[in-house]
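Here's the structure we're looking at; comments come further down.
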Amino acid sequence: MSEGSSSLPLVAIVGPTGSGKSELALQLAERFGGEAVNADSMQFYRGMDIGTAKLPEAERRGIPHHLMDFLGVREDTTVAAFQHMARTAIADIRSRGRLPILVGGSGLYNRAAIDVLEFPGTDPAVRAALEHELELRGLPVLMARLQDVDPVSAERIGDAKRVVRALEVFELTGRPFSSFMPERQYVVPTIQIGLNGDRAELHGRLAARVHGMVDAGLMDEVASLIPEGLREGRTARKALGYEQFLRVLDGESTVARASEETIVATRQFARRQITWFRADPRVQWLDWSQAGLGGAAEALVANSGVAGA
C-alpha cells in the first residue's frame, strides 16, 4: 500500500462471540498490511485475558493491536470516549498506509467507530439517582419505565448499564435514546464482514470455549483481580464468567454451576449480537465453516479497491 494513503478503507469484522473474528483479522492483516483495532469492550481491561478470549500477544503474529489493556478493573469508559480513541487510531493507521481492521462484537462500540453518530451528554447526578433506584427497585422497574418513554430502545437493550443510560438521556433531553441513532452512514469508506453459521455448531463452540477457559485458569484469574478492585468495578465485574466465578469464590456457587451459567449467558449474548449485526444491511456475511473462508474475505477487501496491496 502507498505510504500516507488516506483512501484506504476501514475493514470491520463483526459477528457473535466464538465465530473466529480474531483469527480472520490476523489473516487479513497479514494479506493487506493491516493493524487491528479492538472493539470488544471487555478486552479494554488489563488482566481480563482468559475470560474475554483476548488473543495472547505471542499469538498476534507481530500484528499491532490497538485499544487493548488500557483500563484497570475499577475504571469505566464511555462509548463516546471509545469513539474518539478508535477514530484516532484508525486515522493514524491509514496515515501510515496501513489497513485498519476493527474487530470485536460490541455492537454499539462498533457502530460508534464506523458511523456518523453523535452522543448526548451525561449528568453524574441523574446517573447516580438512576443507579440508586436500580439497586433499590431492580431492573424490571426501570425497564418498564423505558418501555413507556422509549419502546424502541426497550426492545433493543436489556442490560442494566444501558437501560440506565437510555433513561438518563431521556431525562436530560426529553428525547428517546433511540432518536440519537441516525441513518447508517459511514465516516470513512468501510467494508463490514460478518461471520455467522449453524446455531447448534455455535452453541457447541461456546460450551467448549467456556470449559477451555475454566481449564486454563479462569477462576484463578478472577481471584487475582479481586485485589485490583474487580468487585468495585461497575462494568468489569459483570463480564461473562467473572460475575459467575466471583460467586464461586464467595462460596455461593460451584465450578460446575458457574460454568453452566456462563455458557447460557454467553449463548444469550451471542444471540443478541447476531440480532444487532443482522439489522445492518451493509454487512457482507460469510459462513465461518466454509472452505476458503480467508480467501473469500480477502476477495471482499480486494474488490473494494484495495486490490494490488
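Can you name every residue in segment 231-258 that is farther than 20 Å from Thr77 by Cα, among the β-branched types (Val, Ile, Thr) and surrounded by 15 or more Cβ atoms within 10 Å (Cβ to Cβ)?
Hit for segment 231-258 is Val248, nothing else.
For Phe180, are the conditions met, namely being in contact (Cβ under 8 Å) with a residue 40 or more places away in the chain and over 19 Å from the mean Cα position of the chain (by Cα)?
Yes; evaluated as a whole, the condition is true for this residue.
If a residue must be out of contact with any Phe, Trp or Tyr (no Cβ under 7 Å at 6 or more places or on another chain), closer than 21 Å to Leu218 by Cβ and assigned to a loop (DSSP other than H, G, I, E, B), how many such residues does segment 4-47 contain?
Residues that pass the stated criteria total 5.
Only residues that are touching a residue at least 24 places away in the same chain (Cβ under 8 Å) and surrounded by fewer than 20 Cβ atoms within 10 Å (Cβ to Cβ): list them for segment 8-26, please.
Correct list: Pro9, Gly20.
Please count how many residues of segment 33-74 are touching a residue at least 24 places away in the same chain (Cβ under 8 Å) and more than 16 Å from the chain's Cα centre (by Cα). Working first, answer last.
Step one: filter segment 33-74 for residues touching a residue at least 24 places away in the same chain (Cβ under 8 Å), giving 33-53, 55, 60-61, 63-74.
Now narrow it down to the ones that are more than 16 Å from the chain's Cα centre (by Cα): 33-35, 47, 60-61, 63-64, 72-74.
Qualifying residue count for the region: 11.
Just the residues that are closer than 12 Å to Phe177 by Cα and either in a helix (DSSP H, G or I) or of a type in the set (Val, Ile, Thr) (or both), please, taken from segment 128-154.
Restricting attention to segment 128-154, the residues satisfying the condition of being closer than 12 Å to Phe177 by Cα are 146-147, 149-154.
Scanning segment 128-154 gives Leu146, Gln147, Val149, Pro151, Val152, Ser153, Ala154.
Would a scan of segment 118-127 turn up a residue that is among the small types (Gly, Ala, Ser), in a helix (DSSP H, G or I) and touching a strand residue (DSSP E or B) at 6+ places or on another chain (Cβ under 6 Å)?
Within segment 118-127, not a single residue is among the small types (Gly, Ala, Ser), in a helix (DSSP H, G or I) and touching a strand residue (DSSP E or B) at 6+ places or on another chain (Cβ under 6 Å).
Can you name the residue in segment 110-161 that is among the small types (Gly, Ala, Ser) and crowded, with 17+ Cβ neighbours inside 10 Å and is also nearest to Thr190 (Cα to Cα) among such residues? Spell out the reasoning first.
First pass over segment 110-161, keeping only residues among the small types (Gly, Ala, Ser): 112-113, 121, 125, 128-129, 138, 144, 153-154, 158, 160.
Checking the rest, the ones that are also crowded, with 17+ Cβ neighbours inside 10 Å come to 112-113, 153-154, 160.
Numbers: Ala112: 13, Ala113: 11, Ser153: 26, Ala154: 29, Ala160: 31 Å.
Among those that are among the small types (Gly, Ala, Ser) and crowded, with 17+ Cβ neighbours inside 10 Å, it is Ala113.
Against the conditions (1) at pLDDT 95 or above; (2) surrounded by fewer than 18 Cβ atoms within 10 Å (Cβ to Cβ); (3) assigned to a helix (DSSP H, G or I), where does Glu261 fall short? Just the number, please.
With respect to (1) at pLDDT 95 or above; (2) surrounded by fewer than 18 Cβ atoms within 10 Å (Cβ to Cβ); (3) assigned to a helix (DSSP H, G or I), Glu261 is out only on (2).
Of all residues in segment 62-80, how many are modelled with pLDDT of 95 or more and in a helix (DSSP H, G or I)?
Residues that pass the stated criteria total 0.
Given the conditions (1) touching a residue at least 40 places away in the same chain (Cβ under 8 Å); (2) assigned to a helix (DSSP H, G or I); (3) surrounded by fewer than 20 Cβ atoms within 10 Å (Cβ to Cβ), report the number of the one that Glu228 does not fulfil.
(2) is the only condition that Glu228 fails.
Given the conditions (1) closer than 28 Å to Arg237 by Cβ; (2) outside any helix (DSSP H, G or I); (3) of a type in the set (A, V, I, L, M); (4) touching a Pro at 6+ places or on another chain (Cβ under 7 Å), and given that Ile191 satisfies all but one, which numbered condition is not satisfied?
Going through the list (1) closer than 28 Å to Arg237 by Cβ; (2) outside any helix (DSSP H, G or I); (3) of a type in the set (A, V, I, L, M); (4) touching a Pro at 6+ places or on another chain (Cβ under 7 Å), Ile191 breaks only (1).
Name the single residue that is nearest to Val283 (Cα to Cα) among those in segment 206-217 being surrounded by fewer than 19 Cβ atoms within 10 Å (Cβ to Cβ) and out of contact with any helix residue (DSSP H, G or I) (no Cβ under 7 Å at 6 or more places or on another chain).
Arg209
Based on what the data block shows, is Leu167 outside the structural domain of Thr254 (by TED's automatic domain parsing) and either under 26 Å from Glu243 (Cβ atoms) or touching a residue at least 24 places away in the same chain (Cβ under 8 Å) (or both)?
For Leu167, the condition - outside the structural domain of Thr254 (by TED's automatic domain parsing) and either under 26 Å from Glu243 (Cβ atoms) or touching a residue at least 24 places away in the same chain (Cβ under 8 Å) (or both) - is met.
If I ask for residues that are touching a residue at least 40 places away in the same chain (Cβ under 8 Å) and either in contact with a helix residue (DSSP H, G or I) (Cβ under 8 Å, 6 or more places away or on another chain) or assigned by TED's automatic domain parsing to the domain that holds Ala154 (or both), which ones from segment 282-297 would you list?
Once the filter is applied, which keeps residues that are touching a residue at least 40 places away in the same chain (Cβ under 8 Å) and either in contact with a helix residue (DSSP H, G or I) (Cβ under 8 Å, 6 or more places away or on another chain) or assigned by TED's automatic domain parsing to the domain that holds Ala154 (or both), segment 282-297 yields Val283, Gln284, Leu286, Asp287, Ser289, Leu293, Gly294, Ala297.
Which residues, taken from segment 62-98, are among the charged types (D, E, K, R) and at negative phi? Step through it out loud before you land on a result.
The initial filter retains those residues of segment 62-98 that are among the charged types (D, E, K, R), namely 69, 74-76, 87, 92, 94, 96, 98.
Within segment 62-98, Arg74, Glu75, Asp76, Arg87, Asp92, Arg94, Arg96, Arg98 qualify.
Starting from segment 119-134, keep only residues that are touching a residue at least 12 places away in the same chain (Cβ under 8 Å), then list their pairs with residues that are surrounded by 12 or more Cβ atoms within 10 Å (Cβ to Cβ) and assigned to a loop (DSSP other than H, G, I, E, B) whose Cβ atoms are within a distance under 7 Å, requiring at least 6 positions of separation or different chains.
none
Does Glu59 satisfy the criteria of being at pLDDT 95 or above, in contact with a His (Cβ under 9 Å, 6 or more places away or on another chain) and at negative phi?
no
The values are calculated or read from the model by the stated rules, or taken from the named source; none is laboratory data. Because the structure is a prediction, the values reported are computed rather than measured. Here Cβ is always computed from backbone atoms with ideal geometry, including for glycine, and neighbour counts include all displayed protein chains.
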